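Asks: Can you read through this structure? Questions will come right after.
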Amino acid sequence: MAAQTVLVVDPDEDDRHETVESFQSAATDTNVVTAASNAQAIELLAEVAVDAVVTRYNLGDNTGLELVAHVREGYPETDCFLYAETTAIDTASFEAAVLEFVPKDMPGARDRLVALVGQDPEKGQLGYPLPDDEGGRLAALDRYGTLSEQAEQALADVLSLADQYFDVSSTAVTVVDEQTQRVVARTGPFSPPKERAASLSTHTLVSENGSMAVSDLRADQRFSEEGVAGETDIVAYLGAAIETPAGHPIGALNLYWSQPREFSSADRRYLATLADLVADVLVIGSGQQTPGQRGEDK
């Protein structure tokens with residue numbers, strides 16, 4: 001596993017030093033940087049690439065949860081750990097946050113913290129892979145507004161082409177937000193899950209050449225063990241990323257089958273062509289620039 005950089009944020013100098021020592025003694029390949037406040041932590045995050053943030057709840061100038069919110073918005077690939085006394089906070093207050101809570105007052109707390117932070121950082125706490133420029137991708141997605149009726153009809157026409165060519169069970173055009181996916185258009189009985197972690201689209205975003213083919217989801221460990229496809233009759237999948245003019249993958253054109261199916265390179269190429277059509281529809285239909293203006297997102 002590659003060396004990690006961990007940011008420890010704690011206003012108490014002695015406690016901060018003890019936490020740093022725990023990491024240094026347990027993992028020699030861990031680089032630890034420190035901050036004594038929320039403001040210092042934000043400055044460091046802007047200067048140093050950090051794999052994980054370990055923060056106390058009370059930071060003096062702010063709370064650890066507000067720091068976590070800042071990390072999630074600007075550095076979504078960074079894991080977050082709240083390391084605090086249970087008596088200091090209302091644990092229900094961070095149920096919606098994506099982080100790991102390690103009670104500072106439990107036996108063996110520091111060993112537990114070091115073990116959790118040391119887990120494989122490639123996948124991260126979010127439970128799914130992220131594109132290299134996730135922040136830029138989300139910023140690009142924010143520029144897309146509500147689709148016009150003409151755009152909705154155009155998407156329906158693209159899905160009809162997919163139906164005719166592939167003889168597919170279900171289809172869907174989805175856009176993938178920070179933690180959810182939204183269905184823009186679909187056909188067939190399958191309704192894709194709202195949660196990003198349970199979606200196939202989010203894996204398509206990071207697939208080689210922007211395309212993902214799975215002949216049998218039940219035989220693929222990425223999906224069979226974690227139930228990414230959900231409790232459905234969906235067995236085979238082919239997806240192509242929908243990219244903005246600047247190349248940010250904001251969603252996917254998804255095809256689903258109820259039986260195993262093999263996919264050819266021609267299948268992938270044709271679906272990629274349809275995905276490009278969808279991208280153009282989203283650009284025009286939401287008031288962005290014309291399809292010919294490639295290279296940057298307006």
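The values are calculated or read from the model by the stated rules, or taken from the named source; none is laboratory data. Note that the structure is predicted; figures quoted are calculated from it, not measured. Here Cβ is always computed from backbone atoms with ideal geometry, including for glycine, and neighbour counts include all displayed protein chains.
Asks: If you go through the stretch 55-79 one residue at a time, how many are modelled with pLDDT under 90, closer than 16 Å to L44 by Cα and assigned to a strand (DSSP E or B)?
Replies: Here the count works out to 1.
Asks: Pick out the one residue from T204, T187 that is under 18 Å from S169 (Cα atoms) and touching a residue at least 24 places away in the same chain (Cβ under 8 Å). Reasoning before the result, please.
Replies: Details: T204 fails: under 18 Å from S169 (Cα atoms).
Exactly one of T204, T187 is under 18 Å from S169 (Cα atoms) and touching a residue at least 24 places away in the same chain (Cβ under 8 Å), namely T187.
Asks: Separate question: Pull up the stretch 11-49, narrow it to residues that are farther than 16 Å from A115 by Cβ and of a type in the set (S, T, Y), then point me to the one that is surrounded by the fewest Cβ atoms within 10 Å (Cβ to Cβ).
Replies: Per the stated criteria, the residue is S37.
Asks: Here's a follow-up. Among the residues in the stretch 174-182, are any farther than 24 Å from L277 by Cβ, under 22 Å from the mean Cα position of the chain (by Cα), surrounded by 15 or more Cβ atoms within 10 Å (Cβ to Cβ) and in the same structural domain as E18 (by TED's automatic domain parsing)?
Replies: There is no residue in the stretch 174-182 that is farther than 24 Å from L277 by Cβ, under 22 Å from the mean Cα position of the chain (by Cα), surrounded by 15 or more Cβ atoms within 10 Å (Cβ to Cβ) and in the same structural domain as E18 (by TED's automatic domain parsing).
Asks: Here's something else I'd like to know. Quick one: in the stretch 50-71, of everything that is in contact (Cβ under 8 Å) with a residue 40 or more places away in the chain and surrounded by fewer than 18 Cβ atoms within 10 Å (Cβ to Cβ), which residue is farthest from D111 (Cα to Cα)?
Replies: Residue satisfying both the conditions and the ranking: G60.
Asks: Quick one: which residue in S160, S169 is buried (at least 17 other Cβ atoms within 10 Å of the Cβ) and within 19 Å of L271 (Cα to Cα)?
Replies: S169
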